[in-house]
Ligand code: GDP
Ligand code: MG
């Protein structure tokens, strides 16, 4: 994938004393290929490479950083910029209700995202109303009603015999009458963009004057998502994009080019079929994730919802300073296990995405149990000072944990590797995080 690819490139660059134009060219060749393979629009790639090169060549590299780190930092910042820089917030009308029009092709996730957005608003103490504007797809109204009931948000429908334009008009009126501060209008999609669809959307737009026109696009469609965004944008002024199905095996290319091509910010990211609050899209996090530096912030956020804040902060500090012991390792493992899908979490942790790929570290719960058993068979001293683990101690631990000496050796080796990787990561990040001193 893209992130592994970039990790390899920068792995090569890291550790070199001085960056030459050749180095930059070689790295950029790899970056270009990786981005193209990830289905990023070729014009976007071209501009991107040019910008990074311009900023990199002739750059003075201070003693505390390797040229590789500097290039990673620049690529990271440019990727972030490409995706809009910062999170673009949902519009808010100063004359409520705020009207949100959802548009997109069939199956993109409009109805699901409408419900998720309603749930987010509800969570923030708003009073949203959902309007069922898809009268064409069989059971589309029912689908929205079921979701509305599930999250406790009312759904306005007039059946499938009234035109969507009239439904939208009356839905908006009802929202005003009943004091709803947000109206989310779900609309019909087509398999392809056609004049009938666009005409109808334009009429709904005309009648409801939405504050937000959110285009819902399926990230899995890659380059096609960008084409779709471009055609919608040319016919209907979009204010934002909801990128769905980022949980699947997506190549990420869509996220990189949608904003660059349409100028329209990605405001939300959807990552599942379950109706959870819609997640705001964070360009800087996406960029770090793409670069394989780990999505520390997302991890910490996720951690905070299931672990207490103090523990999470401590975990972050330890990961940054790489000063943890086998005791922390065990503790962390327990926390991680509490958080759910291990693979996903490892992807977010610095260096871990890479570790997961290593053949000898298969992530499965059974193996984690064995690892836990090994660590629990260590004495306090051994956990705190792993360097004292000589052969006889390892033999005793293997016997105590019901594992083999090979397994014990392997775990200690992995632990050492992990510490090394974290050290590398923390020196790359600097003492104040990713931006420390590298601005
Ligand atoms: P619409 O035709 O645009 O209204 O699309 P729907 O909301 O009906 O979604 C189409 C299908 O995609 C449904 O099966 C949804 O459960 C699924 N879906 C929507 N959003 C996501 C997402 O973020 N991730 C995944 N994996 N599936 C999604
Ligand atoms: Mg729908």
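Quick notes on this structure:
- Among the residues of segment 139-154, those that are more than 19 Å from residue 174 (Cα to Cα) and within 13 Å of ligand 2 (Cβ to nearest atom) comprise 139, 140, 142, 143, 146, 147.
- Residue among 221, 157 that is closer than 22 Å to residue 264 by Cα and either within 26 Å of the chain's Cα centre (by Cα) or within 16 Å of ligand 2 (Cβ to nearest atom) (or both): 221
- Residue in segment 158-175 that is within 13 Å of ligand 1 (Cβ to nearest atom), in the same structural domain as residue 102 (by TED's automatic domain parsing) and in contact with a strand residue (DSSP E or B) (Cβ under 9 Å, 6 or more places away or on another chain) present: no
To keep it simple, each residue is scored yes or no on (1) within 12 Å of ligand 2 (Cβ to nearest atom); (2) within 25 Å of residue 270 (Cα to Cα); (3) crowded, with 20+ Cβ neighbours inside 10 Å.
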site	(1), (2), (3)
108	yes, yes, yes
118	no, yes, yes
123	no, yes, no
137	yes, yes, no
162	no, no, no
165	no, no, no
174	no, no, no
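- For first residues located in segment 382-401 and free of Cβ contacts under 8 Å to residues at least 40 places away in the same chain and in the same structural domain as residue 329 (by TED's automatic domain parsing), partners that are part of a helix (DSSP H, G or I) and surrounded by fewer than 12 Cβ atoms within 10 Å (Cβ to Cβ) and lie 6+ apart or on another chain with Cβ distances below 8 Å form the pairs 388/381.
- Number of the condition not met by residue 114 [criteria: (1) more than 9 Å from ligand 1 (Cβ to nearest atom); (2) under 20 Å from residue 178 (Cβ atoms); (3) buried (at least 24 other Cβ atoms within 10 Å of the Cβ)]: (1)
- Count - residues of segment 180-207 that are crowded, with 23+ Cβ neighbours inside 10 Å and more than 14 Å from ligand 2 (Cβ to nearest atom): 4
- When segment 396-407 is filtered for residues that are outside any loop (DSSP other than H, G, I, E, B) and in contact with a helix residue (DSSP H, G or I) (Cβ under 6 Å, 6 or more places away or on another chain), the ones remaining, listed by number, are 397, 398, 401, 405.
- Residue pairs whose Cβ atoms lie under 7 Å apart, sitting 6 or more positions apart in sequence or on different chains, and linking a residue in segment 264-288 that is farther than 26 Å from residue 211 by Cβ to a partner that is modelled with pLDDT of 90 or more and within 16 Å of ligand 2 (Cβ to nearest atom), are 273/112.
- Every listed requirement among (1) more than 16 Å from ligand 1 (Cβ to nearest atom); (2) in contact with a helix residue (DSSP H, G or I) (Cβ under 6 Å, 6 or more places away or on another chain) is met by residue 222 save one, (1).
- Filtered residues of segment 125-135 (kept if closer than 13 Å to residue 182 by Cβ and within 13 Å of ligand 2 (Cβ to nearest atom)): 130, 131
Table: residues versus (1) more than 13 Å from ligand 1 (Cβ to nearest atom); (2) under 25 Å from residue 236 (Cβ atoms).
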site: 95; (1), (2): yes, yes
site: 108; (1), (2): no, yes
site: 132; (1), (2): no, yes
site: 149; (1), (2): yes, no
site: 155; (1), (2): yes, yes
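- Among the residues of segment 370-385, those identified as part of a helix (DSSP H, G or I) and surrounded by 12 or more Cβ atoms within 10 Å (Cβ to Cβ) are 370, 371, 372, 373, 374, 375, 376, 382, 383, 384.
- In segment 117-126, the residues that are within 13 Å of ligand 1 (Cβ to nearest atom) and either within 13 Å of residue 212 (Cβ to Cβ) or not assigned by TED's automatic domain parsing to the domain that holds residue 199 (or both): 117
The values are calculated or read from the model by the stated rules, or taken from the named source; none is laboratory data. Keep in mind the model is a prediction, meaning the values are calculated, not measured. Backbone-built Cβ (ideal geometry, glycine too); neighbour counts: all protein chains shown.
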